[in-house]
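The block underneath contains the structure these notes are about, expressed in structure tokens.
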Amino acid sequence: MDTINMINYVLLVVFFICYAYQAVYILIPFIIKPKPHKEAVMHRFAVLISARNEQAVIGKLIDSIKRQSYPAELVSVFVCADNCTDETARIAAEHGAEVFERFNAEQVGKGYALSYLLGRIDAEYPERPFDAYFVFDADNVLEPDYIEQMNRTYSDGYEIVTGFRNSKNFGDNWISSGYALWFMRESSWLNRSRMRAGTSCAVSGTGFMFSRRVLDECGGWNFFLLTEDIEFTISSITAGRRIGYCGDAVLYDEQPTKLGQSFRQRKRWTKGYVQVFMKYGGAMLRGIFKGSFACYDMFMNI
């Protein structure tokens, strides 16, 4: 028993030391003020939406994009109706999106759908007119100034930017509330502090932007693990890129309300984190030994 207690104590001390920096994150917003924005440059954006059987919500997202304060002629909406068996494609087209249907029972997942969608966009627009790309989930809704605010941070020099992930259904029950609080903490007390401290932020599932230059440097969208957002984050950070955060760009996301639904999602996330660690663990460790705090932060994150 004494041996077990000692092991537990040692583990407690090790984990406390490893994660103590996140306590400092809580203080940073009160100590370091945000830098003023540079003059905004008007960019042309392509919005990427991967949707599978999302006929109930896809129209609301597209409508919220069409209501943006940012010039409508600079925003094009593209939907990949991925292995759909409902009316997602028709409804998305009726609301003003350019829709590409994809049917592939072997390469399943959001990463493959995004890669397919980007390939179709390049084929349809060989002049490559888009400066950057947004990624949203079909059940998202945006504040009217979302793209305007994200463009300001992009104009500051950040070629990957993530926004504030709020919740559509915070008050449904304790499960949706727990999810919402987690993502709000991630935005307010992790990414906001990372941004002000000058280290890299992390992309979280939906509501992020990347430039065409980043896409070209990556050789296209080649992130196909179960947690493609974390894979994209780690790949970018180990390549020396810094991800920015725009807290004024608010997106509303729908959270699970059933325990079984939550369990399946978290099981998928856990598998995805292990996949990312196996693929990028060595690169993160090399970055840590070269003095990259962002690599250490992401190493502890996954």
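The values are calculated or read from the model by the stated rules, or taken from the named source; none is laboratory data. None of the values given here were measured: they were computed from a predicted structure. All Cβ positions, glycine included, derive from the backbone under ideal geometry; neighbour counts span all protein chains shown. Quick note on the areas: whole protein, heavy atoms, side chains included, nothing else; ligands and nucleic acids left out. Shrake-Rupley method; radii C 1.70, N 1.55, O 1.52, S 1.80 Å.
Here are the numbers for the structure shown:
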{"read-out": "Candidates 272, 111, 291: whichever shows maximal mean-square fluctuation once the chain is modelled as a Gaussian network with Cα springs under 10 Å", "value": "291"}
{"read-out": "Residue among 30, 50, 75 farthest towards the positive dipole end of region 3-107, charges placed on Cβ", "value": "30"}
{"read-out": "At R0 = 45 Å, FRET efficiency that the Cβ-Cβ distance of residue 26 and residue 108 yields, to 0.05", "value": "0.70"}
{"read-out": "Gaussian network model of the chain, springs between alpha carbon atoms under 10 Å - residue of 15, 223, 263 with greatest fluctuation", "value": "15"}
{"read-out": "Per residue solvent-accessible surface (Å²) - the chain, probe of 1.4 Å", "value": "50"}
{"read-out": "Estimated [θ] at 222 nm from DSSP helical runs (n ≥ 4, -39500 (n - 2.57)) normalised by residues in the chain, nearest 500", "value": "-15000 deg cm²/dmol"}
{"read-out": "Chain lengthening between residue 269 and residue 18 when straightened (0.36 nm per residue, less Cα-Cα)", "value": "88.2 nm"}
{"read-out": "Length released on extending from residue 87 to residue 285, taking residue separation times 0.36 nm less the Cα-Cα span", "value": "66.7 nm"}
{"read-out": "Assigned charges on the beta-carbon of Lys, Arg, Asp, Glu; region 93-247 dipole about Cα centre (debye)", "value": "720"}
{"read-out": "Nearest-20 debye value, region 1-142 charge dipole, Cβ charges on Lys, Arg, Asp, Glu", "value": "580"}
{"read-out": "Gain on full stretching of the segment that runs from residue 185 to residue 127 - 0.36 nm per residue minus C-alpha separation", "value": "16.8 nm"}
{"read-out": "Dipole of the chain, positive direction: furthest Cα of 134, 263, 211, with charges on the beta-carbon", "value": "263"}
{"read-out": "DSSP loop GluC sites (Glu not before Pro) with at most 13 other Cβ within 10 Å: longest gap in the chain", "value": "128-302"}
{"read-out": "Selected from 31, 230, 91 as most flexible by GNM, with the chain as the system and alpha-carbon contacts under 10 Å", "value": "31"}
{"read-out": "Simple Cβ-charge dipole of the chain, Lys/Arg +1 and Asp/Glu -1, about Cα centre, in debye nearest 20", "value": "1020"}
{"read-out": "Exceeding the 30 Å Cα-Cα cut-off - candidates 33/290; 38/267; 168/279; 168/267; 66/168; 168/290", "value": "38/267; 168/279; 168/290"}
